[in-house]
1. Please go through the range A:86-98 and give me each residue that is facing another protein chain (nearest Cβ under 7 Å) and outside any strand (DSSP E or B), ordered by number.
2. Take the range B:132-163 and flag every residue that is of a type in the set (Phe, Trp, Tyr) and either assigned to a strand (DSSP E or B) or in contact (Cβ under 8 Å) with a residue 40 or more places away in the chain (or both).
3. Considering only the range A:36-85, state which residues are outside any strand (DSSP E or B), surrounded by 20 or more Cβ atoms within 10 Å (Cβ to Cβ) and at the interface with another protein chain (Cβ under 8 Å from one of its Cβ atoms).
4. What pairs come out if I take residues in the range C:65-80 that are closer than 15 Å to C:Ala91 by Cβ and pair them with residues that are in a loop (DSSP other than H, G, I, E, B) and of a type in the set (Lys, Arg) whose C-beta lies under 6 Å away, six or more apart or interchain?
5. Here are some residues: A:Gly139, A:Gly157. Which one is small (Gly, Ala, Ser), modelled with pLDDT under 95 and in contact with an Asp or Glu (Cβ under 8 Å, 6 or more places away or on another chain)?
6. Since A:Gly222 meets every condition but one in (1) touching a helix residue (DSSP H, G or I) at 6+ places or on another chain (Cβ under 7 Å); (2) of a type in the set (Gly, Ala, Ser); (3) under 27 Å from A:Lys35 (Cα atoms), which condition does it not meet?
7. Which of the residues belonging to the range B:59-98 are hydrophobic (A, V, I, L, M, F, W, C), within 21 Å of the chain's Cα centre (by Cα) and farther than 30 Å from B:Leu43 by Cα?
8. Please verify whether the range B:281-289 includes one or more residues that are touching a strand residue (DSSP E or B) at 6+ places or on another chain (Cβ under 6 Å), closer than 20 Å to B:Tyr140 by Cβ and of a type in the set (Gly, Ala, Ser).
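The values are calculated or read from the model by the stated rules, or taken from the named source; none is laboratory data. Treat the numbers as computed from the prediction; the structure is a model and nothing was measured. With ideal geometry, Cβ positions are generated from the backbone for all residues, glycine too; neighbour counts draw on all protein chains shown.
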Amino acid sequence: MKKSLVALAVLAASGAAMAQSSVQVYGLVDLVLHKDKNKAAALTSGGVNGSRWGLKGSEDLGGGLKANFLLEQGFNADDGTVSGAGFGRQAYFGLSGGFGEVKLGKIWTAYDDISGATDAAFNAIVLSPVWLIFQSQYGYTYNPNNGIYYATPSFGGFSGAVSTNLREGVANTRVSAFHVKYEGGPLFVALGYQDDEQKNEKYTRIGASYDLGVAKLLGTYGRAKNADVDEWSVGADVPVASNLVVSVGYARSKQDGMKAEQGWSLAAAYALSKRTTAYAGYFDANKAAVMGRAGAPDSRFGVGLKHTF
Amino acid sequence: MKKSLVALAVLAASGAAMAQSSVQVYGLVDLVLHKDKNKAAALTSGGVNGSRWGLKGSEDLGGGLKANFLLEQGFNADDGTVSGAGFGRQAYFGLSGGFGEVKLGKIWTAYDDISGATDAAFNAIVLSPVWLIFQSQYGYTYNPNNGIYYATPSFGGFSGAVSTNLREGVANTRVSAFHVKYEGGPLFVALGYQDDEQKNEKYTRIGASYDLGVAKLLGTYGRAKNADVDEWSVGADVPVASNLVVSVGYARSKQDGMKAEQGWSLAAAYALSKRTTAYAGYFDANKAAVMGRAGAPDSRFGVGLKHTF
Amino acid sequence: MKKSLVALAVLAASGAAMAQSSVQVYGLVDLVLHKDKNKAAALTSGGVNGSRWGLKGSEDLGGGLKANFLLEQGFNADDGTVSGAGFGRQAYFGLSGGFGEVKLGKIWTAYDDISGATDAAFNAIVLSPVWLIFQSQYGYTYNPNNGIYYATPSFGGFSGAVSTNLREGVANTRVSAFHVKYEGGPLFVALGYQDDEQKNEKYTRIGASYDLGVAKLLGTYGRAKNADVDEWSVGADVPVASNLVVSVGYARSKQDGMKAEQGWSLAAAYALSKRTTAYAGYFDANKAAVMGRAGAPDSRFGVGLKHTF
């Protein structure tokens, strides 16, 4: 009886807060100060991951079924502007359970899910080789509108996802994708494919990593079929101390009939806490004739701070 | 003394959360997959209610007086875009107490308060007869800027509200409205009126419902004076099981000198929880010559999911 | 042992809420109803302070070091629109500790920090003499993009801050500022300076206040060098009762070769609670030939309500 009273007191005292439990405010803020060759120093939002905030919730409907939603807006922490109109990153609603998860709305494609999973330099947007060299990293449609997405549960380490979207009568707007992956012990392998009408392109991505303990080896292969681009990347994440990882990587991209583009990165991430990480890195494009991605630098030094909430 | 200690411990432990108690993040996400006659299948946000998120708070000032605010933004869950600039649905601030409630800002009009209260098919935006047939349902100004709103307390089941807004020197922007209603036992009756300068129209709406237990009967009458439109709707909500309601309704709208428009709906709502409802419905416009509302379908089948947070 | 159990129960009960503790939703809503001479009555957002909402968080990294972020969007409570794109007021990320605080992003300048600190009439945007007469109050760049800001800790009451921003290759966009201030017992003194390339102006502000108990005396001097404007203001805050303050102030602004502009205000603030304040005031420009700030009234009466959450 007394316990109940205490519990009631607890509920009463935290009642206002409990009313909040159906939604979580979350986000990530990431700022990097970088100096690119022949350019002025710049403060840029999203050095490792794009800054974003959002609302999400998950309600247990019983029998293992859950209703889930997520609304996410990207923003630029250097000037406060938001990227895209409204919840321009993600806006979905769906159900999950023993059957896996179904999401409807604006959702990252199943190809996007695995596209940077085996990139060196923490897949940092402003520093990693895949982000700065791969022509297919910036090219594809990430999060089409009116999307439908299904992810399987894990079967002994194997899992997969498929995604598509409704055209709703507008031609050439279908973006269909899938991925399959295996995670077990030190090994991770993933294959992704996207048939992207909006970009008139078909993307393939294969990634693998193997954790030796002393280092995690990384390898990625990508192909954009219609542009006839082949690209690959190798790298390694080295845990130098319990809260310090150094990563090195190289990427090469070649369009048929064109000169190859290549670059390498060296980066370090220092965990100040579970939620806050300081990082620094250097990227060099190794005198590439043409850069794969518009705006990518010949060389860059950057130092940044990332925080999740 | 011990109780106090426990209470203090509670307050300490939930301190971070208690700091949140002055504001509540809330919202609703609603997605419907529908197939309209002669159109491609579409995923649309706001099948029953418009998707929205907001911030609201209420502070007890003592003596029964409260300060209340609410900020609400509409969004489209299918593509993440937001509807209107900023808190385009509602943004108000005011006081409530024994005298009723006063709100200032961008507020739904007193006419809007009761406009869909006696509509069949759960007053679902994409499925209900009043939403799809009534010319006055889409026509009026919902939430004028610089609004002033007063709602009375309930007197033995009777209550009312009035709303207007400041022109602030801009001609023809006044939107004044009122409603009176009675709720008691099985009976609900409401009358609303809006003099809408922005639409150059005067709207009248009368609604009534009576709950027989086995079914709740619904009736609505509407009039747009300047356009000389008369419209009415009847329907019934039938509680088939404890968490399943089936609703049927019919609506008819006639502008003087024009052919009448009419349509009917059949819909079901299945409560998966207090906060999550699955629904499905069919609407048929019965070969109307002209639809009351632009974009309304000849016929439509829809299935959706609605979740509040 | 029992205490621990209670504590655990508390943590369990408020678990969902505790998950929220890494971010705080906060804000301020302020609405004023005012009648300006020769104009229609108007409802305006931000009578005392601009209405805003935001997300902020602070994480203890150990050793006194903290990671801090803040994202703040201004809005208009009268029509729900937002001011600026996205987090147009502030968006910053940084670290604080024994060394002071460093912030990066979109940040109020060090000059802005102290610009209204010694203004009468609660520094109310729509009512105070400095806001309505000083040409330098509306003129300067408040929160440049790509900002870098450092504030010292307090040394025996003395503290200071410096701010600047990266040009990032865009000419004439540098806004550099500093302030130094002293707070001790009844005395407050502050000096601020801003070299504002965006406005092609150099601003100086000196403010002081002295609390006699029966009244707090206020004085402000401002100068815009390139426009050759000198301006000063005096005032007093009188605590009439424990929750009622009456404030009176006068301001005068003179551009070299032009007629002086001047005005005075009388205002009262009544605290309904710690978070909610009702206020009223009168401003008269004393037949100024030209007003310092576009849109400033010849005279104005206003009554408003302000609430923080």
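1. Scanning the range A:86-98 gives A:Gly86, A:Phe87, A:Gly88.
2. Of everything in the range B:132-163, those that are of a type in the set (Phe, Trp, Tyr) and either assigned to a strand (DSSP E or B) or in contact (Cβ under 8 Å) with a residue 40 or more places away in the chain (or both) turn out to be B:Phe134, B:Tyr138, B:Tyr140, B:Tyr149, B:Tyr150, B:Phe155, B:Phe158.
3. A:Asn76, A:Ala77, A:Asp78, A:Asp79, A:Gly80
4. Matching pairs, first to second residue: C:Glu72/C:Arg89; C:Gly74/C:Arg89.
5. Sole residue among the options that is small (Gly, Ala, Ser), modelled with pLDDT under 95 and in contact with an Asp or Glu (Cβ under 8 Å, 6 or more places away or on another chain): A:Gly139.
6. Failing condition for A:Gly222: (3).
7. Within the range B:59-98, B:Phe69, B:Phe93 meet the criteria.
8. Scanning the range B:281-289 turns up no residue that is touching a strand residue (DSSP E or B) at 6+ places or on another chain (Cβ under 6 Å), closer than 20 Å to B:Tyr140 by Cβ and of a type in the set (Gly, Ala, Ser).
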